[in-house]
Structure formats: C-alpha cells, structure tokens
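A.B. asks: Would you mind keeping the following structure in view while I ask a few things?
The values are calculated or read from the model by the stated rules, or taken from the named source; none is laboratory data. Note that the structure is predicted; figures quoted are calculated from it, not measured. Every residue, glycine as well, gets a Cβ built from its backbone with ideal geometry; the counts of neighbours run over all protein chains shown.
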Amino acid sequence: MSFARTLFRVKPAEQLSAEGSHTELRRTLGLVPLVALSVGATLGTGIFVVLAEAAPAAGPAVVVSFVLAGVAALCSALSYAELAGSVPVSGSAYSYAYATLGELVAWICGWCLLLEYGVSVAAVAVGWGGYLNEFLQGTVGARIPDVFAAPPGEGGLVNIPAALIVLLATGVLLLGVRESARATTITTLLKIAVLVFFVAVAFTGFHSGNLTPFAPSGLAGISVGASAVFFSFIGFDAASTAGEEARNPARDLPRAIILSLAIVTAVYVLVAFAAVGAVGVDVLGHSDASLATALRLVTGQTWSSVVLAFGAVVAIASVVLTVLYGQTRILVSMSRDGLMPGVLSKVNRRRVPARNTLLVGVVVAVLAAVVPLNQLAEATSIGTLVAFGLVNIGVMVLRRTRPELPRSFRTPLMPIVPIAGLGLCVYLIAGLNAVTWATFGIWTAVGLVVYFGYGRRRSQLNRG
C-alpha cells in the first residue's frame, strides 16, 4: 500500500463493532443513564449566562432563537444517531470518521476532540469555582479568597476549587461506570429540578408586555441570537462515547442522543420564555447572572438566587464528570487502534481505564488550577464543530459505500439533513476569531507531528 493510501485507509464498521463487542469495559448502561449522560454534558453553564448574550440581539424572540438552534443541532444529532447505531463503539466521532473517511481524518477528529473535551473541562471547572463562591456568599456569608480561587494573571496564585472538582470527578470515574452513571443521573435530575423551580417562580411575575415588540430586529436578530445560543447545545453527543458500556448500544445510543437534545431544547425554551416574560430583555441583557437577577427581581429576596447558585454548582459539576468521562473513552478507542500508547486502553479490576482516567484527571486539574483559560476556552468550540462536520460527511459516505450495512436508525431526508448540519458547522466555524484559528492551527500541527512520528507506524491496520 502506498504512503498516500495508508493515510486514508478505513477501518471497516464490522471490525470496529467486533472489537467493541469484545470490550473489557463493563456493559451496564441502559437508556436512562445514557440520556442522563448527554443531558448532563449539555445542560451546564450555558443556560445560566447565555441569555445575557442572546436577548439583546433577538429581543423576546430569543425563545425562537433557542428553537432554531435546537433544530440546527438536530441535523447533526440525527447523523450522530445513525452512526452510533451502525458503529456502536466508544470513540464517538473519531470512530465514525475511521469507518468512513480514513485514518488521518479520524486522527485529526480525535485530536480535535481531545482539545475540546480537555480544555472545556478545565474552563468549566474554573466557572464552578465562581458559582461556588456565590453560593457560599449567599449561605454562610463567606467566600474563598481570590488568591486560592483564581490562577496567576487573574489576581490569584492557584485555583483550588477548579482543581478540586476535577479531581473529585476523577475519583468518581475510578469507582466504576455504574457508580459514575448513578452520580450523573442524580446531578442531572437535580439541575433540571432547579431550572423547573426557576420557571415556576419566574411565571409568578410574568407580564405579557415584556414580550412586545416580539422581534425588534426581525429575522436577522433571531439568527444572531441562534448563533449565540447554539454552543449551549454542545454535548448531546456524549452518549456516543459510551458505546461499549451500553447494554444495547445499537438500540439505545440513537434514542439517547435524540431524547437528550429534545429534553435540553424544551428546558432552554421554557427557561428563556419565563425569564423574558418576568423581567424583559433589557434586564437580562445587562446582567451576567441573568437568571439569578430575574429571580431576585421577581421575589424581592436573595434566597431564590442562592437556590439557583446551588443549581449552577450542581450543573457544572455534572458537566465536569460527563465530559471527563467522554475524553477517557475516546482515548480508549484511539489507544486500542494503536494511534495512542496501549496503556491508555488497559482496564483495572473494576473494568475502568484507571491509568487513562488518572492521567486525564491530573492534566486537566493542573490546567484548571494554574492556567488562565479565557481565550483558550473559546478555541474549544472549533474542535466540536470540526467533529460535527465530519460526522455529517461520514453518514453520507457510509450510506453510499455501505448501503447494506445494518442500521438501527436511519437519518431522515437524506442527504438534506446532513448537508444542512454540515453547512451550519461551516458557517459557525467561519465566524470564529483569529485567536481561535491560531490555536486550532497550532494544535493540529502538533497532532500531525504525533501521528506521523508515532501513530501511523503503530496503527493496528499495519498488522492487516
């Protein structure tokens, strides 16, 4: 096989599925924990702060912006659902690209996911420390000093809370997948309950006058709002990283992906509608903690914002746990394929990739503790959008090259849906800033050095 052909050799879907069926991971996850995994990864800090960005642009029609963003995310979710049912393994978009677009593209996809998962966990952990301080201030009247709650360059020495939540999540993952799934389900239900509490309280102060004019900037404003809120939908694909720990992956993974997106969209629309109706877009647009501000204005007291701060603490902890889990499972797949060191796919007696989990947990904890992540965190979005785009391409390629492959779910309106999903990804990527592109370029260059220096020579496909 020529050098060029080795770069684009695919790993057949049957081979990937066969390797996944003989996994050393423990198959314990049913539909409910899989849905909780995806909802837990998606329903995080976004809804607590995103209204402040989207409401001024869209006006009360920000509710429509959430619906539009949900429909846009659905295009990629349907592509994920088909590939998750066809290639039910732990690698998510990485494995799907390997089965459709070839090894080099799969490597780039996996490398992008490592950037997105790793840095986003660290950035989310930093945000967790801020909400923890707000919760402590409202309950016991004290807060963690900035020197121990912020990294160098941002007024502190080390961000202990950020590192602590990452290490705590790592410890939960080391207990086993059943215990991790139980923790994820509990925290996901708690944060949904807090958001339902917000909706119930906000509706007591609802004024229909706050909904007029409904779309002051017209369709253009709704579109700008949809772009702003789209990133709060990222995470619905988390269930696809659990393909080898699901009891019936071919049946449950597609269902979990679509159900989780439906749940998240419904929650977002209800929260946005209640918040706008309660206080109006002007108030929401002038507050970083828009939901907490809305509750204080409706109730005239601070206790309700303390409850919301508790919800944010739970929500962010849940995101740290689920996204950290996803990164370790992607590394398992890359390691088993020979593109990463074999030690990363070894499991312990609890059937957990312990060394992999410890390595990821420590690295992310250090990042969260000492690195200012504001600009770097923004760069994680490009990794997600690249993965989404490749999945939309991959589902079309697999339909054409392997029409006879068994599929437990089929993307409707082929190829309109994946083309729409791909178009949205291209549109959003094109709008990212120069810092994001520079970070992505450097990360990709490092990844190519690793692939050509290590992964290509050690690929399991060389043994075929």
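A.B. asks: Conditions first: (1) within 30 Å of VAL276 (Cβ to Cβ); (2) assigned to a helix (DSSP H, G or I). GLN301 passes all but one, so which condition is the exception?
C.D. replies: All conditions are met except number (2).
A.B. asks: Among the residues of region 370-379, is any modelled with pLDDT of 90 or more, in a helix (DSSP H, G or I) and not hydrophobic (A, V, I, L, M, F, W, C)?
C.D. replies: Taking region 370-379 as the starting set, the residues that turn out to be modelled with pLDDT of 90 or more are none.
For region 370-379, residues modelled with pLDDT of 90 or more, in a helix (DSSP H, G or I) and not hydrophobic (A, V, I, L, M, F, W, C): absent.
A.B. asks: Taking region 303-360, which residues are more than 13 Å from LEU25 (Cα to Cα) and of a type in the set (Lys, Arg)?
C.D. replies: Once the filter is applied, which keeps residues that are more than 13 Å from LEU25 (Cα to Cα) and of a type in the set (Lys, Arg), region 303-360 yields only ARG355.
A.B. asks: Name the residues in region 436-464 that are touching a residue at least 24 places away in the same chain (Cβ under 8 Å) and either surrounded by fewer than 11 Cβ atoms within 10 Å (Cβ to Cβ) or outside any helix (DSSP H, G or I) (or both), would you?
C.D. replies: SER459, the sole residue that qualifies.
A.B. asks: Looking at VAL343 and the list (1) under 22 Å from the mean Cα position of the chain (by Cα); (2) modelled with pLDDT of 90 or more; (3) part of a helix (DSSP H, G or I); (4) of a type in the set (A, V, I, L, M), which single condition is not satisfied?
C.D. replies: Failing condition for VAL343: (1).
A.B. asks: Residues LEU34, LEU25: which one is touching a helix residue (DSSP H, G or I) at 6+ places or on another chain (Cβ under 6 Å), touching a residue at least 12 places away in the same chain (Cβ under 8 Å) and farther than 30 Å from GLY285 by Cβ?
C.D. replies: Details: LEU25 fails: touching a helix residue (DSSP H, G or I) at 6+ places or on another chain (Cβ under 6 Å).
Being touching a helix residue (DSSP H, G or I) at 6+ places or on another chain (Cβ under 6 Å), touching a residue at least 12 places away in the same chain (Cβ under 8 Å) and farther than 30 Å from GLY285 by Cβ holds for just one of LEU34, LEU25, which is LEU34.
A.B. asks: Just a yes or no: is a residue in region 201-209 out of contact with any Leu (no Cβ under 6 Å at 6 or more places or on another chain), modelled with pLDDT of 90 or more and more than 22 Å from THR293 (Cβ to Cβ)?
C.D. replies: No; the residues of region 201-209 include none that is out of contact with any Leu (no Cβ under 6 Å at 6 or more places or on another chain), modelled with pLDDT of 90 or more and more than 22 Å from THR293 (Cβ to Cβ).
A.B. asks: Working only within region 119-137, note down all residues that are out of contact with any Ser or Thr (no Cβ under 6 Å at 6 or more places or on another chain) and under 10 Å from VAL320 (Cα atoms).
C.D. replies: VAL121, ALA122, ALA123, VAL124, ALA125, TRP128 - these are the residues of region 119-137 that are out of contact with any Ser or Thr (no Cβ under 6 Å at 6 or more places or on another chain) and under 10 Å from VAL320 (Cα atoms).
A.B. asks: Considering only region 158-188, state which residues are touching a Gly at 6+ places or on another chain (Cβ under 9 Å) and either among the aromatic types (Phe, Trp, Tyr) or not in a helix (DSSP H, G or I) (or both).
C.D. replies: Hit for region 158-188 is ASN159, nothing else.
A.B. asks: Go through region 173-188 and give me each residue that's over 19 Å from the mean Cα position of the chain (by Cα) and aliphatic (A, V, I, L, M).
C.D. replies: LEU174, LEU175
A.B. asks: Would you point out the residue of region 398-427, among those that are of a type in the set (A, V, I, L, M) and surrounded by 17 or more Cβ atoms within 10 Å (Cβ to Cβ), that is farthest from ALA72 (Cα to Cα)?
C.D. replies: From region 398-427, those of a type in the set (A, V, I, L, M) are 398, 405, 413-414, 416-417, 419-420, 422, 424, 426; that's our starting set.
Remaining after also requiring surrounded by 17 or more Cβ atoms within 10 Å (Cβ to Cβ): 398, 417, 420, 422, 424.
Values: LEU398: 22, VAL417: 9, ALA420: 8, LEU422: 10, LEU424: 7 Å.
My answer is LEU398.
A.B. asks: Take the residues in region 244-296 that are touching a helix residue (DSSP H, G or I) at 6+ places or on another chain (Cβ under 6 Å) and of a type in the set (Asp, Glu), then tell me which one is nearest to VAL201 (Cα to Cα).
C.D. replies: ASP288
A.B. asks: Still on this structure, I have one more. For the condition among the hydrophobic types (A, V, I, L, M, F, W, C), closer than 25 Å to ARG296 by Cβ and either at pLDDT below 90 or over 18 Å from the mean Cα position of the chain (by Cα) (or both), what is the one hit in ALA275, ALA246?
C.D. replies: ALA275
A.B. asks: Yes or no: region 288-304 includes at least one residue that is surrounded by fewer than 20 Cβ atoms within 10 Å (Cβ to Cβ) and basic (Lys, Arg).
C.D. replies: Yes; the residues of region 288-304 include at least one that is surrounded by fewer than 20 Cβ atoms within 10 Å (Cβ to Cβ) and basic (Lys, Arg).
A.B. asks: What's the number of the only condition in (1) small (Gly, Ala, Ser); (2) under 17 Å from ALA274 (Cα atoms); (3) in contact (Cβ under 8 Å) with a residue 24 or more places away in the chain that GLY209 fails to meet?
C.D. replies: (3)
A.B. asks: Could you figure out which of (1) farther than 28 Å from ARG9 by Cβ; (2) modelled with pLDDT under 90; (3) part of a helix (DSSP H, G or I); (4) not β-branched (Val, Ile, Thr) isn't true of GLY423?
C.D. replies: All conditions are met except number (2).
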